[in-house]
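Right, one structure below, let's go through it.
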Amino acid sequence: MAIRAVLEHTHLVTANDMSALVWDADDALSLRRDARVIGTLVGPLRTDRPPRAAGSASKPHRKQPGALALPPGTLPNRGLPLRLDAVMVFCLVLQGELVVEPGTEHAHDTLTNANDLIAFMDAQKQKENERWLDDPFRARVATLLALRRHQDPSSGTGLYIAPAMQYGVDYALYRADPMITHSDAMVRVLHEDAQEGGIPVRDWMAASRVATNTQKALVYTRPKDDTSALDDSAWLKGIVSSQAAPAASMVQAWTVQWTGW
(Lines give C-alpha, C1' and ligand atoms only; values in the text may rest on other atoms or scores of the structure.)
Protein backbone atom coordinates (compact mmCIF):
# COMPACT_ATOMS: atom_id res chain seq x y z
CA MET A 1 0.00 0.00 0.00
CA ALA A 2 1.40 3.39 -1.04
CA ILE A 3 2.36 6.01 1.51
CA ARG A 4 0.21 9.15 1.53
CA ALA A 5 1.39 12.76 1.69
CA VAL A 6 0.07 16.28 1.10
CA LEU A 7 1.82 18.99 -0.90
CA GLU A 8 3.33 21.53 1.47
CA HIS A 9 2.82 24.60 -0.73
CA THR A 10 -0.38 25.78 -2.34
CA HIS A 11 1.33 27.88 -5.01
CA LEU A 12 4.08 26.15 -7.00
CA VAL A 13 6.47 28.34 -8.97
CA THR A 14 9.02 25.65 -9.87
CA ALA A 15 9.35 21.90 -9.42
CA ASN A 16 11.48 22.56 -6.34
CA ASP A 17 8.29 23.69 -4.55
CA MET A 18 6.85 20.15 -4.72
CA SER A 19 7.86 19.24 -1.18
CA ALA A 20 5.22 17.23 0.69
CA LEU A 21 4.31 16.39 4.28
CA VAL A 22 3.70 12.88 5.59
CA TRP A 23 1.46 13.13 8.65
CA ASP A 24 0.80 9.49 9.49
CA ALA A 25 3.42 8.01 11.84
CA ASP A 26 3.06 4.52 10.34
CA ASP A 27 3.68 5.94 6.86
CA ALA A 28 6.76 7.79 8.09
CA LEU A 29 8.06 4.56 9.63
CA SER A 30 7.36 2.67 6.41
CA LEU A 31 9.33 5.23 4.46
CA ARG A 32 12.30 4.67 6.72
CA ARG A 33 12.05 0.89 7.04
CA ASP A 34 10.87 -0.16 3.58
CA ALA A 35 11.67 2.66 1.14
CA ARG A 36 14.85 3.53 3.11
CA VAL A 37 14.22 7.22 2.48
CA ILE A 38 14.83 9.63 5.35
CA GLY A 39 12.80 12.82 5.46
CA THR A 40 13.03 15.78 7.82
CA LEU A 41 10.81 16.38 10.83
CA VAL A 42 9.20 19.80 10.60
CA GLY A 43 10.16 21.94 13.60
CA PRO A 44 11.38 20.93 17.06
CA LEU A 45 9.08 19.48 19.69
CA ARG A 46 8.96 21.59 22.85
CA THR A 47 7.12 21.00 26.10
CA ASP A 48 6.43 24.12 28.14
CA ARG A 49 7.63 24.02 31.72
CA PRO A 50 5.44 25.09 34.64
CA PRO A 51 5.93 28.72 35.82
CA ARG A 52 8.82 29.22 38.24
CA ALA A 53 7.97 29.62 41.89
CA ALA A 54 8.69 33.01 43.45
CA GLY A 55 12.33 33.30 44.41
CA SER A 56 13.39 30.27 42.34
CA ALA A 57 16.99 30.40 41.18
CA SER A 58 16.48 28.16 38.15
CA LYS A 59 17.02 29.66 34.71
CA PRO A 60 13.96 30.65 32.69
CA HIS A 61 12.86 28.32 29.91
CA ARG A 62 13.98 29.69 26.54
CA LYS A 63 11.50 29.11 23.75
CA GLN A 64 12.81 27.94 20.39
CA PRO A 65 11.51 29.82 17.35
CA GLY A 66 9.04 27.74 15.36
CA ALA A 67 8.76 25.05 18.05
CA LEU A 68 5.55 23.13 18.54
CA ALA A 69 4.48 24.01 22.11
CA LEU A 70 2.80 21.28 24.16
CA PRO A 71 1.48 21.28 27.72
CA PRO A 72 3.63 19.24 30.16
CA GLY A 73 3.00 15.49 29.99
CA THR A 74 1.17 15.50 26.66
CA LEU A 75 2.00 14.41 23.12
CA PRO A 76 0.49 15.61 19.84
CA ASN A 77 -2.45 13.56 18.58
CA ARG A 78 -1.25 13.70 15.00
CA GLY A 79 2.49 13.81 15.56
CA LEU A 80 5.07 15.95 13.83
CA PRO A 81 4.86 15.93 10.03
CA LEU A 82 7.72 14.48 8.02
CA ARG A 83 8.87 16.63 5.10
CA LEU A 84 10.01 15.05 1.85
CA ASP A 85 11.85 17.33 -0.54
CA ALA A 86 10.60 17.82 -4.10
CA VAL A 87 13.00 15.34 -5.71
CA MET A 88 12.10 12.59 -3.24
CA VAL A 89 8.39 13.27 -3.81
CA PHE A 90 8.86 13.15 -7.58
CA CYS A 91 10.81 9.87 -7.51
CA LEU A 92 8.56 8.09 -5.02
CA VAL A 93 5.44 9.00 -7.02
CA LEU A 94 7.19 7.92 -10.21
CA GLN A 95 7.96 4.54 -8.66
CA GLY A 96 4.45 4.08 -7.28
CA GLU A 97 5.48 4.23 -3.62
CA LEU A 98 3.88 7.57 -2.71
CA VAL A 99 0.41 9.04 -3.22
CA VAL A 100 0.31 12.83 -3.03
CA GLU A 101 -2.77 14.93 -2.40
CA PRO A 102 -2.26 18.32 -4.09
CA GLY A 103 -4.44 20.10 -1.51
CA THR A 104 -7.77 21.90 -1.57
CA GLU A 105 -6.54 24.90 -3.58
CA HIS A 106 -5.29 22.74 -6.47
CA ALA A 107 -7.73 21.65 -9.14
CA HIS A 108 -5.79 18.45 -9.83
CA ASP A 109 -6.27 14.79 -9.09
CA THR A 110 -4.13 12.80 -6.69
CA LEU A 111 -0.62 12.13 -7.96
CA THR A 112 0.04 8.39 -8.15
CA ASN A 113 2.16 7.69 -11.26
CA ALA A 114 4.12 9.15 -14.20
CA ASN A 115 0.99 10.10 -16.16
CA ASP A 116 -0.32 12.07 -13.18
CA LEU A 117 3.02 13.87 -12.93
CA ILE A 118 2.93 14.83 -16.63
CA ALA A 119 -0.61 16.22 -16.31
CA PHE A 120 0.33 18.06 -13.11
CA MET A 121 3.43 19.63 -14.71
CA ASP A 122 1.48 20.74 -17.77
CA ALA A 123 -1.05 22.45 -15.51
CA GLN A 124 1.71 24.42 -13.74
CA LYS A 125 3.25 25.88 -16.89
CA GLN A 126 2.54 29.47 -17.82
CA LYS A 127 3.47 28.90 -21.48
CA GLU A 128 2.81 25.92 -23.73
CA ASN A 129 6.45 24.98 -24.43
CA GLU A 130 7.82 26.05 -21.06
CA ARG A 131 10.16 23.66 -19.23
CA TRP A 132 9.06 23.19 -15.63
CA LEU A 133 11.85 20.78 -14.70
CA ASP A 134 15.21 22.55 -14.90
CA ASP A 135 18.56 20.78 -15.41
CA PRO A 136 19.54 20.66 -11.69
CA PHE A 137 16.19 19.08 -10.79
CA ARG A 138 16.48 16.50 -13.56
CA ALA A 139 20.02 15.67 -12.49
CA ARG A 140 18.97 15.10 -8.87
CA VAL A 141 16.07 12.87 -9.98
CA ALA A 142 18.39 10.74 -12.14
CA THR A 143 20.88 10.44 -9.29
CA LEU A 144 18.26 9.53 -6.68
CA LEU A 145 16.76 6.87 -8.94
CA ALA A 146 20.24 5.46 -9.55
CA LEU A 147 20.99 5.41 -5.81
CA ARG A 148 17.75 3.60 -5.12
CA ARG A 149 18.95 0.74 -7.33
CA HIS A 150 21.22 -0.11 -4.39
CA GLN A 151 18.26 -0.78 -2.11
CA ASP A 152 16.63 -4.14 -1.48
CA PRO A 153 13.99 -3.73 1.24
CA SER A 154 12.78 -7.32 0.77
CA SER A 155 16.10 -8.63 2.09
CA GLY A 156 16.63 -5.78 4.55
CA THR A 157 19.75 -4.56 2.78
CA GLY A 158 20.73 -1.50 0.84
CA LEU A 159 21.44 2.17 1.32
CA TYR A 160 19.47 4.63 3.40
CA ILE A 161 19.23 7.99 1.61
CA ALA A 162 18.80 11.30 3.41
CA PRO A 163 19.02 14.98 2.43
CA ALA A 164 22.38 16.46 3.45
CA MET A 165 22.32 20.22 3.15
CA GLN A 166 24.26 20.38 6.42
CA TYR A 167 27.29 19.11 4.52
CA GLY A 168 26.74 21.34 1.50
CA VAL A 169 25.77 18.37 -0.70
CA ASP A 170 22.55 16.78 -1.95
CA TYR A 171 22.42 13.39 -0.20
CA ALA A 172 23.99 11.42 2.63
CA LEU A 173 24.19 7.63 2.32
CA TYR A 174 23.96 5.22 5.25
CA ARG A 175 24.65 1.50 5.34
CA ALA A 176 22.38 1.07 8.34
CA ASP A 177 19.56 3.03 9.94
CA PRO A 178 20.68 6.64 10.60
CA MET A 179 19.41 6.31 14.18
CA ILE A 180 22.26 3.92 14.98
CA THR A 181 25.10 4.95 12.69
CA HIS A 182 26.77 7.86 10.91
CA SER A 183 26.60 8.26 7.15
CA ASP A 184 29.29 6.66 5.01
CA ALA A 185 29.17 8.94 1.97
CA MET A 186 27.98 12.34 0.81
CA VAL A 187 26.74 12.88 -2.74
CA ARG A 188 27.01 16.09 -4.74
CA VAL A 189 24.94 16.19 -7.93
CA LEU A 190 26.18 18.08 -10.99
CA HIS A 191 24.14 19.03 -14.04
CA GLU A 192 24.63 20.24 -17.61
CA ASP A 193 25.35 23.84 -16.62
CA ALA A 194 28.09 22.70 -14.25
CA GLN A 195 29.63 20.51 -16.93
CA GLU A 196 30.11 23.49 -19.24
CA GLY A 197 32.30 25.51 -16.90
CA GLY A 198 33.55 22.76 -14.61
CA ILE A 199 33.75 22.97 -10.82
CA PRO A 200 35.80 25.74 -9.18
CA VAL A 201 38.91 24.33 -7.51
CA ARG A 202 37.96 25.92 -4.19
CA ASP A 203 34.64 24.06 -4.25
CA TRP A 204 36.45 20.77 -4.84
CA MET A 205 38.81 21.49 -1.97
CA ALA A 206 36.11 22.60 0.45
CA ALA A 207 33.86 19.61 -0.23
CA SER A 208 36.69 17.07 -0.06
CA ARG A 209 37.98 18.49 3.23
CA VAL A 210 34.49 18.39 4.75
CA ALA A 211 34.19 14.76 3.67
CA THR A 212 37.61 13.85 5.06
CA ASN A 213 37.02 15.62 8.38
CA THR A 214 33.64 13.91 8.80
CA GLN A 215 35.02 10.51 7.69
CA LYS A 216 32.82 10.16 4.63
CA ALA A 217 33.43 9.35 1.00
CA LEU A 218 32.71 12.26 -1.34
CA VAL A 219 30.82 11.17 -4.46
CA TYR A 220 30.10 13.39 -7.45
CA THR A 221 27.42 12.36 -9.94
CA ARG A 222 26.03 13.77 -13.15
CA PRO A 223 23.58 12.51 -15.81
CA LYS A 224 25.21 10.50 -18.57
CA ASP A 225 23.12 12.12 -21.30
CA ASP A 226 22.43 15.78 -22.01
CA THR A 227 18.63 16.14 -21.74
CA SER A 228 18.45 19.93 -21.85
CA ALA A 229 16.88 19.86 -25.33
CA LEU A 230 14.02 17.59 -24.25
CA ASP A 231 10.70 18.90 -23.02
CA ASP A 232 9.42 17.69 -19.66
CA SER A 233 7.16 14.93 -21.05
CA ALA A 234 9.85 13.48 -23.32
CA TRP A 235 12.41 13.55 -20.50
CA LEU A 236 10.05 11.86 -18.05
CA LYS A 237 9.16 9.13 -20.54
CA GLY A 238 12.87 8.49 -21.03
CA ILE A 239 13.36 8.22 -17.27
CA VAL A 240 10.49 5.74 -17.01
CA SER A 241 11.87 3.59 -19.84
CA SER A 242 15.31 3.54 -18.19
CA GLN A 243 14.02 2.09 -14.92
CA ALA A 244 15.02 -1.44 -15.93
CA ALA A 245 18.47 -0.36 -17.15
CA PRO A 246 21.60 -0.49 -14.96
CA ALA A 247 22.21 2.55 -12.78
CA ALA A 248 25.49 3.17 -14.59
CA SER A 249 23.54 3.89 -17.77
CA MET A 250 21.77 6.82 -16.10
CA VAL A 251 24.53 8.67 -14.25
CA GLN A 252 28.30 8.89 -14.04
CA ALA A 253 29.90 8.87 -10.61
CA TRP A 254 33.37 9.41 -9.20
CA THR A 255 34.91 10.04 -5.80
CA VAL A 256 37.30 12.70 -4.54
CA GLN A 257 39.53 12.47 -1.47
CA TRP A 258 41.52 15.17 0.30
CA THR A 259 45.12 14.04 0.71
CA GLY A 260 46.71 17.25 1.98
CA TRP A 261 49.50 19.20 0.36
Check your understanding: What's the local net charge at Asp184, with K and R +1, D and E -1, over the other residues with C-beta under 10 Å away?
Key -> +2
Practice item. Order the following by accessible area, largest value first: His191, His150, His182, His9. Probe radius 1.4 Å; ligands, DNA and RNA are ignored. Key: His182, His150, His9, His191
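The values are calculated or read from the model by the stated rules, or taken from the named source; none is laboratory data. Here the structure is a predicted model, which means the values were calculated and not measured. We place every Cβ from the backbone using ideal geometry, glycine too, and count neighbours over all the protein chains shown. For the accessible areas, the whole protein counts, side chains as well, though only heavy atoms, and no ligand, DNA or RNA atoms are used. Shrake-Rupley method; radii C 1.70, N 1.55, O 1.52, S 1.80 Å.
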